[in-house]
Amino acid sequence: MSRIGKLPITLPAGVTVSFDGSVVTVKGAKGVLTQEINGDINVKVEGNEVLVEKMHDTATLDAKHGLYRALIHNMVVGVSEGYTKKLKVNGVGWKVAKQGNKVVLNVGYSHPVDFAEPAGIKLECPAANEIVVSGIDKALVGQVAADIRGIRVPEPYHGYGIAYSDEVIERKEGKTGGKGKK
């Protein structure tokens, strides 16, 4: 029995949820999101609450029960508030800039790296060493942020790289410079 799946989802003002048997559609001020649902899960809208119910008890359906409830909750939060991820660029002379619908990253390579803005995602560069990824789809925002981070993963000796703003980079001690083995 999923404890997460049993919890109701409270709908904020301006958000509507509809279910046609296999697809859940969530509409809000920021946009529309859809999610396909397994046939053995039922979604009920009662007033300003959404309930996710199982048709019968099986182990795989128990797992999907909590999953679909969490996905619908993420969709409701996305269309009402949206999601953001902040990235910091750390390196000597490294900088980022927004040009049109792409971000140009100068991150220690012999050439600048262009990262195009995917559909449904907004990229901003409020400072020369910051990138803000925002959108309504939580999974897409996280994936785009991970793709940008993958351009130059933080290294543990100097901390150079592109890291999440709240990420802690475990630092390693460099070589000690001893005279070798005796």
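The values are calculated or read from the model by the stated rules, or taken from the named source; none is laboratory data. Here the structure is a predicted model, which is why all the values come from computation and not from measurement. For neighbour counting, all protein chains shown are included, and Cβ atoms are generated from backbone atoms with ideal geometry for every residue, glycine included. Remember, those area values only see protein heavy atoms, side chains included, never the ligands or the DNA or RNA. Shrake-Rupley method; radii C 1.70, N 1.55, O 1.52, S 1.80 Å.
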TODO: Name every residue in segment 109-135 that is within 13 Å of residue 85 (Cβ to Cβ) and of a type in the set (A, V, I, L, M), in order of residue number.
DONE: 121, 123, 131, 132, 133
TODO: Could you check residue 88 against (1) open to solvent by less than 70 Å² (accessible area, probe 1.4 Å); (2) part of a strand (DSSP E or B) and say which number it fails?
DONE: (1)
Open item on the list: Can you confirm whether residue 60 is open to solvent by 80 Å² or more (accessible area, probe 1.4 Å) and within 19 Å of the chain's Cα centre (by Cα)?
Closed with: no
TODO: Residue by residue through segment 17-33, note down the ones that are exposed (fewer than 13 other Cβ atoms within 10 Å of the Cβ) and within 23 Å of the chain's Cα centre (by Cα).
DONE: 23, 32
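Please tell me if residue 14 is out of contact with any His (no Cβ under 7 Å at 6 or more places or on another chain), in contact (Cβ under 8 Å) with a residue 24 or more places away in the chain and surrounded by fewer than 13 Cβ atoms within 10 Å (Cβ to Cβ).
yes
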Task: Odd one out for residue 46, checked against (1) crowded, with 16+ Cβ neighbours inside 10 Å; (2) out of contact with any helix residue (DSSP H, G or I) (no Cβ under 9 Å at 6 or more places or on another chain) - done: (1)
Open item on the list: So if I check each of 61, 105, which one is at pLDDT below 95 and in contact with a strand residue (DSSP E or B) (Cβ under 7 Å, 6 or more places away or on another chain)?
Closed with: 61
Task: Matching residues in segment 1-33 - criterion: being touching a Gly at 6+ places or on another chain (Cβ under 6 Å) and among the basic types (Lys, Arg) - done: 30
